[in-house]
Every structure is written in C-alpha cells, then in structure tokens.
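See structure below.
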Amino acid sequence: MFQSIIDWFVSIGLRLDKAFIEGGRWKLYLQGLGITLELTVIALVIGVVLGLVVAVIRTAHDQQRVGRRKNPLLGFFNVLCHIYTTVIRGTPMLVQLFIWTFVILKTERNKILVGFIGLGVNSGAYVAEIIRGGLMSVDVGQSEAGRSLGLNYFDTMRYIIIPQAFKNILPSLGNEFITLFKDTSLVQAIGGMEMLYYAYTIGGRTFDYMPPLIGIALMYLIIVAIFTRLQAKLERRLRESDRR
Amino acid sequence: MIDVKNLSKSFGDHLVLDNISEHISSGEKVVIIGPSGSGKSTFLRCLNLLETPTEGELSFEGTVITDPKVKIDRIRQQMGMVFQHFNLFPNMTIRRNITLAPVRTKLMSQAEADESAASLLRRVGLEDKADAYPAQLSGGQKQRVAIVRALAMKPKLMLFDEPTSALDPEMVGEVLDVMKELAHEGMTMVVVTHEMGFAREVGSRVLFMADGKIVEQGIPDTLFTNPQSPRLQDFLSKVL
C-alpha cells in the first residue's frame, strides 16, 4: 500500500513535469493568462462605457418630471436600451458568443477580437444595471442641495452624486470583474487562444488532462483572491468619510 | 424682491398649490405655517424652482425666473436654501461642503472660500469642525453647517424648509439661535416651520397656508392673538 502511494507521488512529479516544464510549456500558460487578462480588462472597459451610457439614458428618462411632456428622443433611446439589457441578460453568454462568431462576425478571423466584443457587450448590460442602481441609491436631497447652491447638473453629478454612487457601485462592479475574468474561458469555445485553450491543448498532446486543468483552475483562483483583497482595501479607503 | 403671480402646482391630478399670488420684499422675514400637506414646503421649493410650477409666473429682482431661457443656476446662486434633512455631502469634509459651490461657480478662489468658510464656521461656533466629515457631527451641528454652506454663496435671500423638524429637541435651540442672529443682521428670509415661538419672535409677517392656498396672513402678534378664519383658529388651538 505504501508502495502505491510512493508510486503515485513519483508519477505525479513526472506528470507535472510533462504538463508544465517540458519544452518550456509554462510559457504557453503565461501567454494564455496574458490573453485572459487582456480579454477581461478590455471587455470590462467596453462594458463600463456601454453600461454608463445606458445607465445615464435610463436614469435621465426615469427622472423626467411627472406631469410634463416627455422627451421623445430620450424615450426612443430608452426603449433601445431596454431591449438591449433584456436580450443580453435573458440569453446565455455562450450562445451570444456563438452568434457573434458564426452569425454577425463570421468573416472575422481574429477570435480574440470577437471575444472582446462578445464579452464587452454582455458585460455592458450588467454594468448598466449596476450603475443605474448606484445612481438611484443616492438620496435625491443630495442633488437638490447641489442645485440649490447654484451648481449646474454636471458639477452636481461629478462632485456630489457620482462619488457617492461609486462607493455603492464598487462591490458589484468588483463582482462583475470577477465574473468576467472567469467567463473569458468561454472564448476557448470559439477558438480564442486564452488560458483554457492552452491547458486543453497541452492536456490533449500529453494525454493527461488533470495537471494542466487543475493548474489553471489554481491560477484563476489565485488571481480572484488577489483581486478580492485589493477591492476590500479600496472599499475601506472610500468608506473613510462614513467613520465616526 | 420676489413676485409670485398666479402660481399653481399639481403632481399628476393632485393640486398642491392653488393660484397663489404673493410679494416678498427685501429684508422681510416671512414665516409660513400650516398643517402638513397644506403645500407650504412645495411653495418654498417653487421659489428657487426645485419644483417647477405648473402654472404662473415667478420673478426675482425683476427677472422672470419661470422663463425657460433664464439661467436658473445664476439665480439659485443668490438664494440660499436649508433643508429639513440637512443634505450635507457625506463624501466631503465640512470645509469642502462649504467651499465647493463658491469655488465651482467662480464666485471665489479656493483661498478666499477657505477664509470665508473659517470665519462663517467661527460665527456658528464650529471652527474646529472644518476637517471633520458630516457623519461625525450631531444633528444641530449639521444644520448649522448647512446654514453656513448656504451663506457661503453670499445669497440675497435664505429659504428654510422646516430646518428644525428633524432635530432632537435639545438641538432645536442652537439652530434657531443662528437663524435669529441672521434675521437681526437683516437677511431676507422665508421660513417654513412648526416653531410657533420662532414665528412670533422673528417673523415680520406670517403666512398661514391650508389646502394649497394662503388662507390668512399678517404680523405675528395679530395673527396669533386674533385669528380671523376658522381654519387658522382650529390650527392654532392644536399647536399652541
């Protein structure tokens, strides 16, 4: 029985060597990780920009004064935004990625680029709801106070509303980043060469899937853990003004 | 200073202000009293267009401010407003709460604004709180800061929307004292309040509102001792 445990440890060394060291394969994982991080960051930037636009349109529409004529252009954009968030949030991410790859952008050879767009557009719908919730969570008295002092709409938003909303948005936005980071692995399914792609390929070539898959699972886990730490630190700093 | 002509305001089908006309002159201390739901806060909030009137015309120092072409921010810079719930900006220090508007509207440089904030805070006895955050202050202190924040814009008129209603009873006095001092200095004030003592002592004129109308008005002594309308008699019998 001891022999079999020893054998297992010896063999695992060899398997790890094959999966990560032999032929400098670790470089491939790092290369994949780079693409994964790139996908996450660019998709999040697209998502935040899209989300901000959608959130501002929807908030501005909802905050139009009761009993007055509504702005028809704003109404039109609001319907558009509503359709966007409904469709994106109501369909699976992988289905969306397939539609981008095989229907909308079927001539595009660069699958990472398709990944940016697919993930970014998906993320935008979620970020929009996060930002909208954040803007609405700030007490209306805050903007009244700002405006009553003679500050204009933009200064009131910039100095008073958005900083307070940001504090409320941050935890959800952090979660969105984490979700997005893990969802980048779906890009493998459309042929994007990110971290899972390399692990899967190496697993196939060495006829041993366990070490590369567990390996990248650990990488995902470690990065999420680091990010969660950073996020908590930033939140603590932002809460400074609430302290008594 | 302020002219109100045939002002009406409704929220949906609900008529809150019903064809009000009124004039407020420079130096007056107008106190508005009345039962809740009578439209007194809405009337006050119409004066700086935090509420947009449904009908009617408002002018401030000769400018028709209900005209959509008027730059309302410019007008609001000359009217301070103090809210029931203080509405200090929790993300900024007290100093920044006070200096943000004067600096952003280019009324003062940051140094001038800091200077003026310090002297205003000294006047209300809060000079040591400049670097604190609103959450570190008591209700009475918050409201005094809110008054200072409005005064920092050097307004020609101050609007007070139930400034003591959200305060613990022992803090009401410190806020009323600041308001009394302001009144003695000659500031034009419009105050919505339930503090009948304050109305009596400071008010140069009292408006009694009910059901969206100004039912009765006059100098405090006459109004309180010799109310004419049954509505006011009924109201006073409940609050005095």
**OP:** Report, in order of residue number, the helices in chain A meeting two criteria: a C-alpha extent of 15 Å or more along the helix axis, and a mean Kyte-Doolittle hydropathy of at least 0.5; treat each whole DSSP H run as one helix.
**Re:** A:2-16, A:26-62, A:72-90, A:111-137, A:210-238
Subject >> Amide proton proximity set for B:GLN84, modelled H, under 5 Å, gap of 5+ >> reply: B:ASP161
Original post:
Using a simple spin-label model with points 7 Å from Cα along the Cα→Cβ vector, what separation in nm is obtained for A:LYS27 and A:LEU74?
Top reply: 5.7
Original post:
To the nearest 10 degrees, how steeply does helix B:230-239 sit against the main Cα axis of chain B, on a 0 to 90 scale?
Top reply: 40
Subject >> Dipole magnitude of the range A:167-244, debye to nearest 20 (Cβ charges: Lys/Arg +1, Asp/Glu -1, about Cα centre) >> reply: 540
Subject >> Phi-based couplings in Hz for the range B:107-115 (Karplus 6.51, -1.76, 1.60; Gly and Pro marked x) >> reply: 6, 9, 7, 4, 5, 4, 5, 4, 4
Subject >> Average other protein chain Cβ within 10 Å of Cβ, residues A:149-161 >> reply: 6
**OP:** Would you mind giving the mean number of other chain beta-carbons within 10 Å of the Cβ of each residue in A:140-146, as a whole number?
**Re:** 6
Subject >> For chain A: lysine pairs under 26 Å (alpha-carbon distance), excluding those fewer than 8 apart on one chain >> reply: 9
Original post:
Amide H neighbours of B:THR188 under 5 Å, counting only residues 5+ apart in sequence or on other chains, H built in-plane at 1.01 Å?
Top reply: B:GLY27, B:MET158
**OP:** Quick one: divide the alpha-carbon radius of gyration of the range A:29-243 by 2.2 N^0.38 Å and tell me what you get.
**Re:** 1.21
Original post:
Taking each residue of B:10-23 in turn, how many C-beta atoms of other protein chains fall within 10 Å of its C-beta, and what is the average?
Top reply: 1
Subject >> Karplus 3J(HN,Hα) series, Hz, for the range B:70-86 with 6.51 cos²θ - 1.76 cosθ + 1.60 (x for Gly, Pro) >> reply: 5, 7, 5, 4, 4, 5, 5, 4, 9, 10, x, 9, 10, 9, 4, 9, 6
Subject >> Sorted largest first, extent of the range B:1-99 alpha carbons per principal axis (Å) >> reply: 42, 32, 28
Subject >> CD proxy at 222 nm, helix term only [per DSSP H run n ≥ 4: -39500 (n - 2.57); per residue of chain B; nearest 500] >> reply: -11000 deg cm²/dmol
**OP:** Tabulate in residue order the Karplus-calculated ³J(HN,Hα) for the range B:118-133, using 6.51 cos²θ - 1.76 cosθ + 1.60 with θ = phi - 60°, rounded to whole Hz; enter x for Gly and Pro.
**Re:** 4, 6, 5, 5, 4, 4, 9, x, 10, 4, 7, 9, 4, 9, 7, 9
Subject >> Most positive-pole-ward Cα, A:LEU186, A:TYR198, A:SER148, against dipole of chain A from beta carbon charges >> reply: A:SER148
Original post:
Once you charge only the Cβ atoms, +1 for Lys and Arg and -1 for Asp and Glu, what is the size of the charge dipole of the range A:29-243 about its Cα centre, to the nearest 20 debye?
Top reply: 440
Subject >> 0 to 90° range, to nearest 10: angle between helix B:94-104 axis and chain B longest Cα axis >> reply: 80
Original post:
Which of A:GLY24, A:SER4, A:GLY115 sits closest to the plus end of the dipole of the range A:1-147, meaning its Cα is farthest towards the positive end, when Lys and Arg get +1 and Asp and Glu get -1 on the C-beta?
Top reply: A:GLY115
Original post:
Accessible area lost on pairing B with A, both sides, 1.4 Å probe, Å² to nearest 100?
Top reply: 2400
**OP:** Sort A:122-131, A:102-111, B:127-136 for me by packing, meaning the mean count of neighbouring Cβ atoms within 10 Å per residue, highest on top.
**Re:** A:122-131, B:127-136, A:102-111
**OP:** May I ask you to compute the full-extension gain from A:PHE98 to A:SER4, defined as 0.36 nm times their residue separation minus their alpha-carbon distance, rounded to one decimal in nm?
**Re:** 29.3 nm
Original post:
Ranked by accessible surface with a 1.4 Å probe, highest first, in what order do B:GLU162, A:GLU38 come?
Top reply: A:GLU38, B:GLU162
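The values are calculated or read from the model by the stated rules, or taken from the named source; none is laboratory data. Just so it is clear, the structure is predicted and the values come from calculations on it, not from any experiment. For neighbour counting, all protein chains shown are included, and Cβ atoms are generated from backbone atoms with ideal geometry for every residue, glycine included. The area values use the complete protein model at the heavy-atom level, side chains included, leaving out ligands, DNA and RNA. Shrake-Rupley method; radii C 1.70, N 1.55, O 1.52, S 1.80 Å.
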